[in-house]
1. Select from the stretch 53-64 the residues that are part of a helix (DSSP H, G or I) and open to solvent by less than 60 Å² (accessible area, probe 1.4 Å) and write down the one among them that is farthest from THR135 (Cα to Cα).
2. Could you grab the pairs with beta carbons closer than 9 Å, sequence gap of 6+ or different chains, first residue in the stretch 42-68 and of a type in the set (Asp, Glu), second one surrounded by 21 or more Cβ atoms within 10 Å (Cβ to Cβ) and not in a helix (DSSP H, G or I)?
3. Please list, ordered by first then second residue, the pairs with beta carbon atoms under 9 Å, 6 or more apart or interchain, first in the stretch 198-213 and among the β-branched types (Val, Ile, Thr), second at pLDDT 95 or above and surrounded by 13 or more Cβ atoms within 10 Å (Cβ to Cβ).
4. Which of the residues spanning the stretch 205-223 are touching a helix residue (DSSP H, G or I) at 6+ places or on another chain (Cβ under 7 Å), within 19 Å of ARG39 (Cα to Cα) and outside any helix (DSSP H, G or I)?
5. Please work out if LEU183 is assigned to a helix (DSSP H, G or I) and in contact with a Lys or Arg (Cβ under 6 Å, 6 or more places away or on another chain).
6. Across the stretch 195-220, which residue is most open to solvent (accessible area, probe 1.4 Å) among those that are closer than 18 Å to LEU120 by Cβ and of a type in the set (Asp, Glu)?
7. Residues in the stretch 79-100: is at least one hydroxyl-bearing (Ser, Thr, Tyr), at pLDDT 95 or above and not in a loop (DSSP other than H, G, I, E, B)?
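The values are calculated or read from the model by the stated rules, or taken from the named source; none is laboratory data. Treat the numbers as computed from the prediction; the structure is a model and nothing was measured. No Cβ is skipped: glycine too gets one built from the backbone with ideal geometry, and neighbour counts run over all protein chains shown. Ligands, DNA and RNA are stripped out before the accessible areas are found, and what is left, the full protein with its side chains, is counted by its heavy atoms. Shrake-Rupley method; radii C 1.70, N 1.55, O 1.52, S 1.80 Å.
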Amino acid sequence: MKYLAPFLSFAAAVSPAIACEGPCIVGVTQVWVSNYTARVEAVFNNVAQEIAQRFVPSHTGDVPSYLRPMFTAYDNNSYDGMEHAIFPSFFHGKCQRNGVDPPGCPNPDCPVVCGTPGSLVHFFPTLRYIAFNQTRSLLEKITKPGFGPYDEAENAIERAAAGSGARRTMHARAKAEQVRQGLRDIMKGVPGKLEQACGGDAADTPEGLPGCSWEREMKEYILTWP
């Protein structure tokens, strides 16, 4: 599975731009995506182990490749969804009121919801929750039956569980249905596994999601943008 660059190495590679638009939006979005990709990869690895133990113990090393279509779907859709969830769905526009910047705006701590780095810093608990919720929503989408990459993974696991040369007997069909339902039950738990990986408390609060905060590093990085 693809693993994006660690947070600090990515942040150091980006040069400041003018205000949080254009390159700033891209930079902030990519760092959130990079951080969460590591968490999502860990969740998929955990799921792969559970699937292997329950259904295909003789194919333990193959299960991650069976799940790869879903992880690829996550990878292909994570950036666009994350950017839209942060900018402009919540953080957007100017901070000025009647042509005057409120105290702390645009930087370093702007108590007005707008599109500046200072606003992102002030409302960091909200920003953190937006990033988590977007990632969780994407995982819910890609781990449901009827979604092409999910169906591809499900079929691969069913074939592995059936074994080579298996005939479509009544027993084989019953086993396939058992595997199918068990796999779907496991996948329903994927969003919850992400919340666990993030330390729980998925809420828009200062204490929320302690394992997916990166608060000090993120605030420092966000404020490198004017």
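1. Of the residues in the stretch 53-64, the ones part of a helix (DSSP H, G or I) are 53-54, 57-59, 63-64.
Add one more test, that the residue is open to solvent by less than 60 Å² (accessible area, probe 1.4 Å), and what stays is 59, 63-64.
On the way: HIS59: 29, VAL63: 23, PRO64: 20 Å.
The extreme case among them is HIS59.
2. ASP62/VAL56
3. THR205/PRO125; THR205/TYR129
4. GLY208, LEU209, SER213, TRP214
5. Considered against the rule, which asks whether it is assigned to a helix (DSSP H, G or I) and in contact with a Lys or Arg (Cβ under 6 Å, 6 or more places away or on another chain), LEU183 comes out as no.
6. Across the stretch 195-220, the extreme among qualifying residues is GLU220.
7. There is at least one residue in the stretch 79-100 that is hydroxyl-bearing (Ser, Thr, Tyr), at pLDDT 95 or above and not in a loop (DSSP other than H, G, I, E, B).
Results for (1) among the small types (Gly, Ala, Ser); (2) open to solvent by less than 60 Å² (accessible area, probe 1.4 Å), shown as yes or no for each residue.
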{"residue": "SER34", "(1), (2)": "yes, yes"}
{"residue": "ARG39", "(1), (2)": "no, no"}
{"residue": "ALA48", "(1), (2)": "yes, yes"}
{"residue": "ILE51", "(1), (2)": "no, yes"}
{"residue": "ARG68", "(1), (2)": "no, no"}
{"residue": "ASP75", "(1), (2)": "no, yes"}
{"residue": "ARG97", "(1), (2)": "no, no"}
